[in-house]
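Structure record follows, encoded as structure tokens.
The values are calculated or read from the model by the stated rules, or taken from the named source; none is laboratory data. Please read these numbers as outputs of a predicted model, since none were measured by experiment. Every residue, glycine as well, gets a Cβ built from its backbone with ideal geometry; the counts of neighbours run over all protein chains shown. These accessible areas exclude ligands, DNA and RNA; they are computed on the full protein's heavy atoms, side chains included. Shrake-Rupley method; radii C 1.70, N 1.55, O 1.52, S 1.80 Å.
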Amino acid sequence: MQPTNETVYKYNVQHGITNTATWLCSLSPDVNYSVKALRTAVKNVKQRHGTLKKSSYRPKGVLIYNSFLQDVFKYPKPTDPSKPRELHSSHPKLEFELKRLQQQSTGGNMVETNSKRLETKIDSLTEEMRKKNEYIQTLEEEFRAKNKRIEELEKLNSSQKAKLTLKTSAIKRLRNSDVYQRRKVAKLEGKLGEGKGHQKEEKKEEEASKLKHALKEKEQMRRELVELEHRIIVLEDEQDDNVVECYDEIDRKYTPAFQNCVHKLLNNYVAAIRVVPCIEAVLELAEKKANKLPSRATIDNMNSQRLATQKQLKKK
């Protein structure tokens, strides 16, 4: 019985690379393997295990990781070609064919025929395993590309948030300037109503033009702010599809669907202090998370609204 990659990895963790290589040699006493080559093969299994384990949290990554653990350990080439070489296959069909052909070989001619059949089977199964390895490498490249895209989106999201902060502060300054300009225009209009001359009228027109210019800048800043907020929302949706929107960031209140969910939990005699843990447990079961969850005080307010609504319905 040949060891699997999982068995070799666990034995290496417990006993080290050198002892693992010696143990693998003892499993195949009829073949002369180099300890150095076996050490290199064990290191490759360890490195491959670490690479696949990083992506094992994804659905496809788990399948690739489990398939790797269940595959038979691939021995290196023997150092002495004069000795008989034992074929170590990573495919269960090949082992079955080897045993069947060895049992059927009873004479010299039959041995030669079975040997040719065996070589044909080995070539076909080797080609099949090569295609599977290429497919696995393609999946790994796709995983790396997706991770890189997620990192780029995170960087873009942080830069957009920084721009949004700058635009918000600029709008506040424009708002204050707008109030100041309006007060100045009101003073100028009051003075002009008293008829204090042509010079003050020119100053009024100049101040009014400045005010119009400031209002145009303010409107442009507001449009840019709305566009930035929309882009941030789109980027956040692309970054993580598993986020459940419980809180509306634009209206700054919890969605009606979420409030209805809280009311149903309270109607089913779930304590107010247990509502949020209950929702978190259900979202964890569905492998999702909420963008924001309410505090205990907010849950109490929702409960008060629910009781008030029930009283009004009873009166009707």
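If I filter the range 258-280 for residues that are in a helix (DSSP H, G or I) and either over 21 Å from N303 (Cα atoms) or within 20 Å of the chain's Cα centre (by Cα) (or both), do I get at least one hit?
Yes; the residues of the range 258-280 include at least one that is in a helix (DSSP H, G or I) and either over 21 Å from N303 (Cα atoms) or within 20 Å of the chain's Cα centre (by Cα) (or both).
Return the residues of the range 49-62 that are surrounded by fewer than 16 Cβ atoms within 10 Å (Cβ to Cβ) and assigned to a helix (DSSP H, G or I); say none if nothing qualifies.
G50, T51, K53, K54, P59, K60, V62
Might you let me know whether the range 221-239 holds any residue that is at pLDDT 85 or above and open to solvent by 100 Å² or more (accessible area, probe 1.4 Å)?
Yes, some residue in the range 221-239 is at pLDDT 85 or above and open to solvent by 100 Å² or more (accessible area, probe 1.4 Å).
Since P294 meets every condition but one in (1) part of a loop (DSSP other than H, G, I, E, B); (2) open to solvent by 50 Å² or more (accessible area, probe 1.4 Å), which condition does it not meet?
(2)
Could you please let me know if K288 is charged (D, E, K, R), in contact with a Cys (Cβ under 7 Å, 6 or more places away or on another chain), in contact (Cβ under 8 Å) with a residue 40 or more places away in the chain and open to solvent by 40 Å² or more (accessible area, probe 1.4 Å)?
Details: charged (D, E, K, R): yes; in contact with a Cys (Cβ under 7 Å, 6 or more places away or on another chain): no; in contact (Cβ under 8 Å) with a residue 40 or more places away in the chain: yes; open to solvent by 40 Å² or more (accessible area, probe 1.4 Å): yes.
For K288, the condition - charged (D, E, K, R), in contact with a Cys (Cβ under 7 Å, 6 or more places away or on another chain), in contact (Cβ under 8 Å) with a residue 40 or more places away in the chain and open to solvent by 40 Å² or more (accessible area, probe 1.4 Å) - is not met.
Can you give me the number of residues within the range 136-162 that are touching a helix residue (DSSP H, G or I) at 6+ places or on another chain (Cβ under 6 Å) and charged (D, E, K, R)?
The number of residues fulfilling the criteria is 0.
Scan the range 63-79 residue by residue and report those that are in a helix (DSSP H, G or I) and open to solvent by 90 Å² or more (accessible area, probe 1.4 Å).
L63, Q70, listed by residue number.
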